[in-house]
Amino acid sequence: MSGNHTSPVHCDRTPVVVRSATVTALSNNLDGLWEKLLCGKTAMAPITRFKTDHYTSSVGACIEDLPAGGPASMIHELISRLFKNWGTMPADTFILTASTKSGIDNLEKTLRGDPAETRDILLPSLPDIVSEKSGLAGGGINISAACASATVAIARAAAMIASGRREVVLVCCLDLLTEFIYSGFSALRALSPTPPRPFDRGRDGLSPGEGAAALLLMSRARAEKEKISSLGSIAGWGIANDATHITAPARNGCGLIQAVRGALEMSGIGAEGISAVSAHGTGTVYNDAMEITAFREVFGKRNLPVFSVKGAIGHILGAAGGIEVVLGLKTLSEQTAPPTVGLSTPMEGAEGMVSGEPVAFSGNRLLTTNSGFGGINAALILESG
């Protein structure tokens with residue numbers, strides 16, 4: 001998991017994604033999300049779920065019809081929508097969930113004295129809830145690695161399959177936009193007062209969002225045996241910590257560089273084999289600068305397409321990486337990098353890489369990255385076919 005693995009995964013045990021689903025403030029499904037992304041749509045709007053008078057912004061990407069009343073957390077309805085048309089899964093499917101705060105809305109209810117199911121607040125309860133909603137027996141493990149949670153969970157699922165420990169793993173990631181989350185980012189002065197502008201010269205902060213993603217991973221041998229089509233494979237993964245600051249990234253991008261190079265080494269390809277990059281791209285001054293520094297170190301002067309979807313759906317914390325993997329596979333399938341919504345004038349160093357318009361490309365491998373508080377950095381290489 002450190003990115004020091006030096007040989008490609010054995011072909012029969014290559015982890016492939018055979019099913020996926022997303023729910024975001026922009027759309028309840030992947031097709032709707034992709035169509036709106038290509039059109040440059042955004043879910044950013046004034047927040048009405050709670051009062052924002054005392055915070056540094058009032059903007060976010062909420063799923064407006066997600067019911068917030070009653071003792072159950074909003075995560076129940078969110079997970080139900082995610083698995084609405086999912087179908088059955090193999091009985092030996094292992095569950096990995098990814099979330100930073102799970103049903104944190106119920107902590108708010110508890111503090112207000114309202115009825116609330118306390119189980120929903122606890123991160124270890126999330127695999128059991130997903131198990132109940134998805135029709136699988138037994139629980140699993142939750143991964144909470146800040147805003148790289150889902151990326152780390154997918155890396156762990158891929159490692160379990162590649163090592164032969166599991167043949168089928170369900171990764172389910174989610175996070176909510178609550179006042180608890182919003183107040184924290186406001187206190188850090190990380191919120192943009194306007195919709196975010198990832199990789200823009202005038203970027204000034206992020207905007208939170210909410211949503212969920214599910215990915216079913218199998219070994220290639222198992223998928224072929226059961227005649228199940230693959231959406232693409234996880235060809236490599238790398239995880240590293242820059243050990244710099246509790247919230248700020250290392251300015252020189254050392255942790256992200258190490259994670260990306262670890263993923264490249266594991267996949268057995270060089271940087272020239274990557275055709276596009278799905279970046280973390282929060283819209284904060286330091287995160288975006290760190291990422292571009294890292295990408296220039298890895299890719300040199302090559303201007304391959306780099307994009308962020310957070311200007312359209314917000315920063316969905318622990319679920320961001322899962323949604324971005326689903327979109328990354330779609331990007332490879334369509335051979336089109338979606339626009340970075342909110343981008344007007346590319347920041348220094350990003351010229352020729354980022355665009356406010358869709359960009360066609362050719363190639364079968366995409367790098368997707370996420371970084372989070374505590375110095376965590378994670379990278380995955382997706383491969384079509």
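The values are calculated or read from the model by the stated rules, or taken from the named source; none is laboratory data. Predicted model only: the values in this text are computed from it and were never measured. Cβ placement follows ideal geometry from the backbone for every residue including glycine, while neighbour counts extend to all protein chains displayed. The area values use the complete protein model at the heavy-atom level, side chains included, leaving out ligands, DNA and RNA. Shrake-Rupley method; radii C 1.70, N 1.55, O 1.52, S 1.80 Å.
Lysine pair count for the stretch 1-125 (Cα-Cα distance under 22 Å; residues 8 or more apart in sequence or on different chains): 4. For the stretch 209-312, dividing the convex hull volume of the Cα atoms by the residue count gives 144 Å³ per residue.
Applying 1/(1 + (r/R0)^6) with R0 = 51 Å to the Cβ-Cβ distance of PHE180 and ALA271, what FRET efficiency is obtained, to the nearest 0.05? Show your work: numbers first, answer last.
Values: r = 40 Å, r/R0 = 0.78.
Between PHE180 and ALA271 the formula returns 0.80.
Ellipticity at 222 nm from helices only: DSSP H runs of n ≥ 4 in the chain, each -39500 (n - 2.57), divided by the residue count, give -8500 deg cm²/dmol.
The mean sequence separation of alpha-carbon pairs under 8 Å and at least six residues apart, normalised by the residue count of the chain, gives a relative contact order of 25 percent.
Each of ALA294, LEU176, ILE104 was scored by the projection of its Cα onto the charge dipole of the chain, and the greatest displacement toward the positive side belongs to ALA294; charges sit on the C-beta of Lys, Arg, Asp and Glu. When only alpha carbons are used to place a centre, the stretch 266-307 and the stretch 174-247 end up 16 Å from one another. Using the empirical formula 2.2 N^0.38 Å as the baseline, the Cα radius of gyration of the stretch 237-281 reaches a ratio of 1.25.
Counting only protein chains, not ligands or nucleic acids, how are ILE257, ILE381 ordered by accessible area (probe 1.4 Å), most first? Don't skip to the end; give the middle numbers.
Details: ILE257 20, ILE381 0 Å².
From most exposed to least exposed: ILE257, ILE381.
Taking θ as phi - 60° and the Karplus parameters 6.51, -1.76 and 1.60, the scalar couplings of the stretch 13-29 work out to 9, 4, x, 10, 8, 10, 7, 8, 7, 9, 9, 9, 5, 8, 6, 7, 8 Hz in sequence order, x denoting glycine and proline. For the stretch 189-257, the convex hull drawn through the C-alpha positions has a volume of 173 cubic angstrom per residue.
Ordered by 1.4 Å accessible area with all protein chains kept, HIS280, HIS54 run largest first as HIS54, HIS280. Structure remark: mean-square fluctuation, Gaussian network model of the chain, C-alpha springs under 10 Å; the largest value among ALA294, ALA146, ALA221 belongs to ALA221. Our summary gives the stretch 278-341 a relative contact order of 41 percent, counting only alpha carbon pairs under 8 angstrom and 6 or more residues apart.
Under a Cβ-Cβ cut-off of 15 Å, what is the net charge of the residues other than ARG189 that fall near it, where Lys and Arg count +1 and Asp and Glu count -1?
Numbers: positive: ARG203; negative: ASP204.
Net of charged neighbours comes to 0.
Listed by chain and number, the aspartates and glutamates whose alpha-carbon sits under 15 Å from that of LYS227, ignoring those within fewer than 8 places in the same chain, are ASP12, GLU167. Per-residue 3J(HN,Hα) values for the stretch 109-120, derived from phi via the Karplus relation 6.51 cos²θ - 1.76 cosθ + 1.60 with θ = phi - 60°, read 4, 4, 5, 8, x, 8, x, 7, 7, 5, 4, 5 Hz in sequence order (x marks Gly and Pro).
Report Rg/Rh for the stretch 135-274, rounded to two decimals, where Rg is the Cα radius of gyration and Rh the Kirkwood radius. Write out the running numbers ahead of the final one.
Values: Rg = 18.2 Å, Rh = 18.0 Å.
With Rh from the inverse mean 1/r over Cα pairs, Rg/Rh is 1.01.
FRET efficiency for the pair VAL285 and GLU35, taken as 1/(1 + (r/R0)^6) with r the Cβ-Cβ distance and R0 = 45 Å, rounds to 0.90.
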